[in-house]
Amino acid sequence: MLTESESAVAREVLLHGPISRRTLAARLRLSPASLTRLARPLLSAGVLVELDDDGDGTVGRPSRPLDISPAAGTFVGVKLTGDRVHVAATDIRADLLDARDRPLDDPSPRGACLAIVEALEALGRDDVRGVGVSLGGHVADGVAVHAPFLDWHDVPLARTLEDMLDVPVAIENDVVALAEAERWFGVGRGIPGFLVVTIGAGVGLGLVVDGRTVRTPDAGIGTVGHLPLRADGPPCPLGHRGCADALLTTTAIERR
């Protein structure tokens, strides 16, 4: 298990590597000695690798840039909807290696967990280091507190899957997870603030402010869906006339 400081070093290299030690120390506000101390166990564990001298032209001892090891393993992302399981295997920098999807015939917690396990087995990867699961609804501390499209309440999804898969599992609201992915690896990389809006079974909003993804009890779960857009529009299932949910969701579009 990495310490908080070691995790900060690994995360910075993941997002900005290859990166010189000088630049890395400056970004983390560390002394050269502190960076060397923190990087040493990461290099020994194979999390980081040293590249050839970057030849940055500075005077003194040559600097070998640090990067995340390309052999850091496979990571799997899972998207759960009300009727399907989507899985994607990537390397540590989120470059796609394989992707599959399958029907979710049994949307109960047990049925969904079994479907996820079967989908991962179909990928045929024996080097999976971790799994992330996203779903619509309120998620907190590894628990699906309320997932309306699955009709779940207080399901300890992360712990259940960890017991079944024997790897670390994280779960997150799907829109928050998308915003986080764009912040780390996508079009939002390096942008301090942006919005992600999703339209499908519901309307969701992910928010990044000052380089951090906003996480609140209602983050991403569809409160933006009830913003009024057209006063004379049709009502949504909750009776709000002309709101985003009444006009923009898949069901609303199909009805028109």
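The values are calculated or read from the model by the stated rules, or taken from the named source; none is laboratory data. Bear in mind the structure is a predicted one, so any value in this text is a computation, not a measurement. For neighbour counting, all protein chains shown are included, and Cβ atoms are generated from backbone atoms with ideal geometry for every residue, glycine included.
Filtering the stretch 117-139 to residues that are within 26 Å of Ile68 (Cβ to Cβ) and either outside any helix (DSSP H, G or I) or under 18 Å from the mean Cα position of the chain (by Cα) (or both) leaves Leu120, Gly124, Arg125, Asp126, Asp127, Val128, Arg129, Gly130, Val131, Gly132, Val133, Ser134. The single residue among Val176, Val197 that is touching a Ser or Thr at 6+ places or on another chain (Cβ under 7 Å), closer than 27 Å to His16 by Cα and of a type outside the set (D, E, K, R) turns out to be Val176.
For the structure I just gave you, tell me whether Ala177 is part of a strand (DSSP E or B) and under 23 Å from Arg11 (Cβ atoms). No.
Across the stretch 205-218, a minimum of one residue is classified as assigned to a loop (DSSP other than H, G, I, E, B), more than 22 Å from Val78 (Cα to Cα) and among the charged types (D, E, K, R).
This table checks each residue for (1) surrounded by 15 or more Cβ atoms within 10 Å (Cβ to Cβ); (2) farther than 25 Å from Ser134 by Cβ; (3) of a type in the set (D, E, K, R); (4) modelled with pLDDT of 95 or more.
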{"residue": "Leu15", "(1), (2), (3), (4)": "yes, no, no, no"}
{"residue": "Gly46", "(1), (2), (3), (4)": "no, yes, no, no"}
{"residue": "Asp54", "(1), (2), (3), (4)": "yes, yes, yes, no"}
{"residue": "Ile68", "(1), (2), (3), (4)": "yes, no, no, no"}
{"residue": "Val78", "(1), (2), (3), (4)": "yes, no, no, yes"}
{"residue": "His86", "(1), (2), (3), (4)": "yes, no, no, yes"}
{"residue": "Asp91", "(1), (2), (3), (4)": "yes, no, yes, no"}
{"residue": "Ala99", "(1), (2), (3), (4)": "no, no, no, yes"}
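Scanning for something in contact with a strand residue (DSSP E or B) (Cβ under 9 Å, 6 or more places away or on another chain), outside the structural domain of Thr213 (by TED's automatic domain parsing) and within 23 Å of Thr213 (Cα to Cα), does the stretch 119-129 turn up at least one residue? No, the stretch 119-129 has no match at all. Within the stretch 196-221, being modelled with pLDDT of 90 or more and either assigned by TED's automatic domain parsing to the domain that holds Ala144 or on the phi > 0 side of the Ramachandran plot (or both) holds for one residue alone: Asp210. Do we have any residue at all in the stretch 179-191 that's hydrophobic (A, V, I, L, M, F, W, C), over 20 Å from Gly73 (Cβ atoms) and crowded, with 22+ Cβ neighbours inside 10 Å? Among the residues of the stretch 179-191, at least one is hydrophobic (A, V, I, L, M, F, W, C), over 20 Å from Gly73 (Cβ atoms) and crowded, with 22+ Cβ neighbours inside 10 Å, which makes the answer yes. Please verify whether the stretch 215-236 includes one or more residues that are polar (S, T, N, Q) and either surrounded by 15 or more Cβ atoms within 10 Å (Cβ to Cβ) or in contact with a Phe, Trp or Tyr (Cβ under 9 Å, 6 or more places away or on another chain) (or both). No, that holds for no residue.
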